[in-house]
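Peer 1: I am attaching a structure below and will ask some questions about it afterwards.
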Amino acid sequence: EIAERATRSLVKKIEGHPEIDNALRVSAGLPPRENGKSSIGAPTSRPIGRLEAKPGSTLVVHFVDEQTPLKKATPEGVHACEIRIHVGETPPTDASGFTFLAHDTRTPYADEHPSSDAGKTAHYLLRWLNAKLEPGPWSDVVSTKIPL
């Protein structure tokens, strides 16, 4: 059961990656993707982030869409959520001051910090990406103290 879940997760990531072509899919034992899918543009909505503190200097980043905040599902055409972080007292004024953390295809994302960061403030910035990794607009910054 664990191996099956891990395999399904890996196949899902491979299938959704824009640089994986049909030749590579077939060589990996996967069926070729059908052509003719309509192209979906960059996302237009923003993720809403929520942070949950866990023991061991871990913060869990939950994200939902601003248009459907009660559903965990991402908007149609969204492949992943880009997550960026800044650890410091005040967040940067624009996205360039944040450090890339992850492209996550499913909420939530667990961010484990070094114990030396405990008590510092972590600021997160999120945005949706389509399968071509074209970005949507940035979320509002969400911030909290890193737990012990």
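Peer 1: Filter segment 119-147 down to the residues that are within 14 Å of LEU59 (Cα to Cα) and part of a loop (DSSP other than H, G, I, E, B), then identify the one that is most open to solvent (accessible area, probe 1.4 Å).
Peer 2: LYS120
Peer 1: Out of all the residues in segment 89-106, which are assigned to a loop (DSSP other than H, G, I, E, B) and open to solvent by 20 Å² or more (accessible area, probe 1.4 Å)?
Peer 2: Pass one, segment 89-106, residues assigned to a loop (DSSP other than H, G, I, E, B): 89-94, 98, 105-106.
GLU89, THR90, PRO91, PRO92, THR93, ASP94, THR105, ARG106 - these are the residues of segment 89-106 that are assigned to a loop (DSSP other than H, G, I, E, B) and open to solvent by 20 Å² or more (accessible area, probe 1.4 Å).
Peer 1: In segment 107-118, how many residues are open to solvent by 60 Å² or more (accessible area, probe 1.4 Å), touching a residue at least 12 places away in the same chain (Cβ under 8 Å) and among the hydroxyl-bearing types (Ser, Thr, Tyr)?
Peer 2: Summing the residues that are open to solvent by 60 Å² or more (accessible area, probe 1.4 Å), touching a residue at least 12 places away in the same chain (Cβ under 8 Å) and among the hydroxyl-bearing types (Ser, Thr, Tyr) in segment 107-118 gives 1.
Peer 1: May I ask you to verify whether PRO92 is out of contact with any strand residue (DSSP E or B) (no Cβ under 9 Å at 6 or more places or on another chain) and more than 23 Å from GLU19 (Cα to Cα)? Walk me through it before giving the result.
Peer 2: Details: out of contact with any strand residue (DSSP E or B) (no Cβ under 9 Å at 6 or more places or on another chain): no; more than 23 Å from GLU19 (Cα to Cα): yes.
So PRO92 does not fit the description; no.
Peer 1: Looking at (1) part of a strand (DSSP E or B); (2) of a type outside the set (Lys, Arg); (3) open to solvent by 20 Å² or more (accessible area, probe 1.4 Å); (4) touching a His at 6+ places or on another chain (Cβ under 8 Å), which one does ILE48 not meet, given that it meets all the others?
Peer 2: So the condition that ILE48 fails would be (4).
Peer 1: What is the residue count in segment 1-33 for residues that are basic (Lys, Arg), in contact (Cβ under 8 Å) with a residue 12 or more places away in the chain and in a helix (DSSP H, G or I)?
Peer 2: So the first thing to find is which residues in segment 1-33 are basic (Lys, Arg), and the list is 5, 8, 12-13, 25, 33.
Next, from what is left, pick out any that are in contact (Cβ under 8 Å) with a residue 12 or more places away in the chain: 12-13, 33.
Keeping just the survivors that are in a helix (DSSP H, G or I) gives 12-13.
Looking only at that region, the number is 2.
Peer 1: Moving on. Within segment 76-94, track down each residue that is closer than 14 Å to TRP128 by Cβ and out of contact with any Pro (no Cβ under 6 Å at 6 or more places or on another chain). First the steps, then the outcome.
Peer 2: In the first step, residues of segment 76-94 are kept if they are closer than 14 Å to TRP128 by Cβ; the result is 76-84.
Within segment 76-94, GLU76, GLY77, HIS79, ALA80, GLU82, ILE83, ARG84 meet the criteria.
The values are calculated or read from the model by the stated rules, or taken from the named source; none is laboratory data. Everything quoted here is computed from the prediction, not taken from an experiment. Every residue, glycine among them, receives a Cβ derived from its backbone with ideal geometry; neighbour counts consider all protein chains shown. Side chains included, ligands, DNA and RNA excluded: accessible areas come from the protein's heavy atoms. Shrake-Rupley method; radii C 1.70, N 1.55, O 1.52, S 1.80 Å.
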